[in-house]
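Report on one structure; see the data block that follows.
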Amino acid sequence: MTLTKTTCPYCGVGCGVLAGADGTIKGDPNHPANFGRLCSKGSALGETIDLDGRLLEPKIEGRAAEWDEALDLVASKFSAAIAEHGPDSVAFYASGQLLTEDYYVANKLMKGFIGSANIDTNSRLCMASSVAGHKRAFGTDTVPGVYTDLEEADLIVLVGSNLAWCHPVLYQRIVAAKEARPAMRVINIDPRRTATSDLADLHLQIAPDGDIALFNGLLTHLADAGKIDDQYTTQHVNGMAEAIATARQSDPTDTGISAQDLATFYDLWASTEKVVTIYSQGVNQSETGTDKVNAILNCHLATGRIGKPGMGPFSVTGQPNAMGGREVGGLANMLANHLELGNADHRQAVQAFWKSPAICTQAGLKAVDLFDACAKGQIKALWVMSTNPAVSLPDADGVAAAIANVPFVVTSDIMEKTDTNDLAHVCLPATGWGEKNGTVTNSERRISRQRAFLPAPGQARPDWQIVSDVATRMGFGKAFAYRTPQDVFAEYVALDAATSQFPRDLDLSIFADADYANLIPTQWPRNDQRFFADGKFYHPDGKAQMIPVTAPALAKPRFQLNTGRNRDQWHTMTRTGKSARLGPHLAEPYVEIHPQDAADLGVTVGDLIRVESTYGTAILRALVTPRIAAGQLFAPMHWTRQLTTSGTVNSLTAPVTDPVSGQPALKSGAVVANVYKAK
Ligand code: SF4
């Protein structure tokens, strides 16, 4: 059996996979993300490539249709909406499952040809707060570090990150590094005790949204202990005095962490030069997500612990191609290739390169706002690409109603039945993992190939081609005459070269003469290169900016709902739900509840609990565990309305977002009105 080198379609670690058409799956021993390792989800990929449930032909109002008829209808509906109501009356909602080539083409159509920036993505739920925090601190959206920093660090701080379940191969790399160097220390900061906590030398069971107070306390401690790197900050950092003065107003004991544990954490951080702070959704998915990010970055900037081997802040992305989407402007507030939507020179340069009739001039609607606009009747035509917002967004029932309110909805997806497809007028069959070709970028800026090792099933087409086909029918054929994903990638690289006069971090020159077919996993701007080693940042004066951040008053409801993911499932289970091996790990919707709370409610293990919020209701199996703090609940978001009739977890969560990044507060945003034992 010939095995094809490709990349795992799940998390942002971006592991290399050797895959065969017979379902053979092996870790690629030569891929620098995983060196042959795979987690349970990656190992079971071979069980997910059958065609059960696949959408294999275009559907219009549920009936089979020819491609030409479906594409003509989509193009005419979008053109008519734009003609009658203007470019901002249409929207695309894309996905971190898309390949970079797909993202590039969709972004180009919306921003350069339709002339709106109403393209956002489920990656908004993943790392938008990190993007915003990076831009405030560094002047650009840059992940400074590389994976080998995790192995070179003497102290790893994991904040709001259950790496053991959500980025398992990175976790495995840290486990191996810790075994090789027992002096390495790991501190885990999480309101729950998770599988990741089991590796930690110290677990800080922080109150939800206590992160700013905690890191402001650390910054204050660094200042008082004489651990600020004065030479570094003088040369390379602005805003330190203001940031420290604001930090002093925080009380880290508000976090619920004991004074002894705070002292241990602060002393260890202050006395260890090689510190990597990894953070993920527990930081990003918050009303104060961007400020949390900056609270972490402030500590690294104040000590110069950034851009050097074994040290730095490290945002790990959830989606496999969240980073690629960022690169090509797949967010409503970004232009392609890390150029600035708010910069007229950048807009003009992109428009000139695309030879486009229009260019968006202002930011579009971010995910939650986009569906709010649907609910208000402002969006007349919506295209959802490769994602299921009717389940994955907060206030999921409200989002489903909002989609139902849009006069024309098109989806492109691999599956026939999804909660969102059920609301669409047109469903277009897309090729899936193993059937399509293109590139993805992982959390350490490494671009890898996804390669097809299976034929396209039925009439399925790659997303970049579907978007190009619609663009052509809208009258933009000349600019979308791509024959292959390589054509798209070449244009993406050429746009970078054509705009090289604008200083920014993205630098694709290493890919200028790349052999696309045989592309080996490669980091931009150079393999193994960290950013900011030279102390040069991207603000106009070349310095970084420390941001004063104020800790919020912490909510203390009787119950607070935290949401997240299981080890063996991926998002709405479209693919992982097919695997017999993955299913049994945690087989049904559940909620973690503390033993004391369970006793108060008269609940024992296995009982059903009814959870109610302002937005909806879900009935979930009780998992009684001291790993969760009293007064808190945790429930995974995987089960869709197709899989459970008891209510989706995101029917409970509130459409509350961080005001800077627009990222939903899925970790603590549900105001639980009532919890009781279900009859
Ligand atoms: Fe796939 Fe992530 Fe597991 Fe690697 S760690 S095999 S990328 S799910």
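Among the residues making up the range 1-11, those that are more than 7 Å from the ligand (Cβ to nearest atom) and part of a loop (DSSP other than H, G, I, E, B) are M1, T2, L3, P9.
Rundown of residues vs (1) in a helix (DSSP H, G or I); (2) surrounded by 15 or more Cβ atoms within 10 Å (Cβ to Cβ); (3) in the same structural domain as A580 (by TED's automatic domain parsing); (4) away from the ligand (no atom under 12 Å from the Cβ), yes/no style:
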| site | (1), (2), (3), (4) |
| --- | --- |
| V17 | no, yes, no, no |
| F35 | no, yes, no, no |
| D68 | yes, no, no, yes |
| F78 | yes, yes, no, yes |
| D88 | yes, yes, no, yes |
| D102 | yes, yes, no, yes |
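Evaluation of W383 against the conditions (1) over 27 Å from G282 (Cα atoms); (2) under 25 Å from the mean Cα position of the chain (by Cα); (3) outside any strand (DSSP E or B) shows that the sole unmet condition is (3). Considering the conditions (1) closer than 30 Å to S286 by Cα; (2) in the same structural domain as A402 (by TED's automatic domain parsing); (3) among the basic types (K, R), R136 is excluded by exactly one of them, (2).
Yes or no, residue by residue, for (1) basic (K, R); (2) farther than 25 Å from T644 by Cα; (3) in the same structural domain as L163 (by TED's automatic domain parsing):
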| residue | (1), (2), (3) |
| --- | --- |
| D369 | no, yes, no |
| A396 | no, no, no |
| P407 | no, yes, no |
| N421 | no, no, no |
| A424 | no, no, no |
| W464 | no, yes, no |
| R473 | yes, yes, no |
| F476 | no, yes, no |
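So which residues in the range 611-654 are free of Cβ contacts under 8 Å to residues at least 24 places away in the same chain and either within 30 Å of T255 (Cβ to Cβ) or of a type in the set (A, V, I, L, M, F, W, C) (or both)? Selection gives nothing.
Criterion applied to S443, S509 was being touching a Cys at 6+ places or on another chain (Cβ under 9 Å) and of a type in the set (G, A, S), and the one residue passing it is S443. Evaluation of S40 against the conditions (1) outside the structural domain of L335 (by TED's automatic domain parsing); (2) buried (at least 19 other Cβ atoms within 10 Å of the Cβ); (3) of a type in the set (S, T, Y) shows that the sole unmet condition is (2). Residues in the range 497-528 that are in a loop (DSSP other than H, G, I, E, B), buried (at least 17 other Cβ atoms within 10 Å of the Cβ) and polar (S, T, N, Q): T499 alone. Looking across the range 337-350, the residues that are part of a helix (DSSP H, G or I) and within 23 Å of M323 (Cα to Cα) come down to N337, H338, H346, R347, A349, V350. Looking at Y232, Y171, just one residue is over 30 Å from P557 (Cβ atoms), away from the ligand (no atom under 16 Å from the Cβ) and assigned to a helix (DSSP H, G or I), and that residue is Y232. Screening T24 with (1) closer than 26 Å to N321 by Cβ; (2) touching a residue at least 60 places away in the same chain (Cβ under 8 Å); (3) of a type in the set (V, I, T); (4) more than 12 Å from the ligand (Cβ to nearest atom) gives one miss only, at (2).
For the range 636-653, a residue qualifies if it is within 15 Å of D395 (Cβ to Cβ) and touching a Leu at 6+ places or on another chain (Cβ under 9 Å), and the qualifying residues are M637, G647, V649, N650, L652, T653. Scanning the range 457-474 for residues that are more than 16 Å from A70 (Cβ to Cβ) and either free of Cβ contacts under 8 Å to residues at least 40 places away in the same chain or among the aromatic types (F, W, Y) (or both) turns up just one, W464.
When L73 is tested against (1) assigned by TED's automatic domain parsing to the domain that holds A471; (2) within 16 Å of the ligand (Cβ to nearest atom); (3) touching a His at 6+ places or on another chain (Cβ under 9 Å), only condition (2) is not met. Selection of the range 648-679 for residues being more than 18 Å from the chain's Cα centre (by Cα), in a loop (DSSP other than H, G, I, E, B), under 24 Å from L370 (Cβ atoms) and not polar (S, T, N, Q) yields L652, A654. For the range 297-316, a residue qualifies if it is closer than 18 Å to D267 by Cα and in contact with an Asp or Glu (Cβ under 8 Å, 6 or more places away or on another chain), and the qualifying residues are A302, T303, G304, R305, M311, G312.
The values are calculated or read from the model by the stated rules, or taken from the named source; none is laboratory data. Nothing here was measured: the structure is a model prediction, and the numbers come from that model. Positions of Cβ are generated from backbone atoms using ideal geometry, with glycine treated the same way; all protein chains shown enter the neighbour counts.
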